[in-house]
């Protein structure tokens, strides 16, 4: 069974860019859509966007101007960049293959 | 962007049956919305229970089932167990899966 692991800084300064990477354990990044989802403290899930291994992407319209998702098939990783962060971007960030596999999540706090 | 609605909270008795629903602000939910259902327990990552309306995984307890009901997606739990107490989220796809929206979640209490 494929496993996902998020990695990246746990603290980001306001106005800077949040960068996270998701590593796909068994290397099966080909095919499928790979998503980023976040969950602010005490709140529900919010879809950020997804990428297909071919490189095509789709983003949440409310975040689209600040989000970039990319894939590195050679490293079996996909990444999230969220620019101009504010305290409202503080959340647990998950990577997932929505049909069946989720990462454990990583907490990102936006604070000076 | 569409809004996906779920009951904020529901309570079911142990051994009882409960149906959680997932509606769309754009109209009736159909199989073309590819409804998903996720279970999340406190402090844990979500896990996928149901995908594409009715499909289960090997880890999905048989007491959970997905369907379309009255213009909404539905998750039915038959024979609730204490371990089913959790937050449940649905997800709908729009525009040929070019856009994805989560519902606000239903907190299910088994009491």
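Going by what's in this entry, would residue B:77 be described as under 11 Å from the mean Cα position of the chain (by Cα), at pLDDT 95 or above and under 21 Å from residue A:39 (Cα atoms)? Please lay out each step first, then the result.
Working: under 11 Å from the mean Cα position of the chain (by Cα): yes; at pLDDT 95 or above: yes; under 21 Å from residue A:39 (Cα atoms): no.
So residue B:77 fails the test.
Collect the residues in the stretch A:30-55 that are part of a loop (DSSP other than H, G, I, E, B) and in contact with a strand residue (DSSP E or B) (Cβ under 9 Å, 6 or more places away or on another chain), keeping them in residue-number order. Answer for the stretch A:30-55, where residues must be part of a loop (DSSP other than H, G, I, E, B) and in contact with a strand residue (DSSP E or B) (Cβ under 9 Å, 6 or more places away or on another chain): A:31, A:32, A:40, A:41, A:43, A:44, A:45, A:53, A:54, A:55.
Screening chain B for strands (runs of 3 or more DSSP E) wholly inside it with 1 or more residues that are in contact (Cβ under 8 Å) with a residue 40 or more places away in the chain returns the ranges B:4-6, B:9-12, B:17-24, B:36-40, B:64-69, B:72-78, B:86-94, B:99-102, B:106-110.
Restricting to the stretch A:1-44, name every residue that is within 16 Å of residue B:47 (Cα to Cα) and without any contact (Cβ under 8 Å) to a residue 12 or more places away in the chain. A:44, the sole residue that qualifies. Out of the residues in the stretch A:22-55 that are more than 10 Å from chain B (Cβ to nearest Cβ) and buried (at least 20 other Cβ atoms within 10 Å of the Cβ), which is modelled with the lowest pLDDT? Going through the qualifying residues, I end up with A:29. For residues that are surrounded by 16 or more Cβ atoms within 10 Å (Cβ to Cβ), part of a loop (DSSP other than H, G, I, E, B) and facing chain B (nearest Cβ under 9 Å), tally how many sit in the stretch A:56-99. Number of matching residues: 2. Scoring residue A:107 on the criteria (1) more than 10 Å from the chain's Cα centre (by Cα); (2) surrounded by 15 or more Cβ atoms within 10 Å (Cβ to Cβ); (3) within 12 Å of another protein chain (Cβ to nearest Cβ); (4) in a strand (DSSP E or B) leaves a single failure, condition (2).
Looking at this structure, is residue B:103 within 14 Å of another protein chain (Cβ to nearest Cβ) and closer than 19 Å to residue B:54 by Cα?
Numbers: within 14 Å of another protein chain (Cβ to nearest Cβ): yes; closer than 19 Å to residue B:54 by Cα: yes.
When the stated conditions are applied, residue B:103 passes them.
The values are calculated or read from the model by the stated rules, or taken from the named source; none is laboratory data. The structure displayed is predicted, hence computed values, not measured ones. Positions of Cβ are generated from backbone atoms using ideal geometry, with glycine treated the same way; all protein chains shown enter the neighbour counts.
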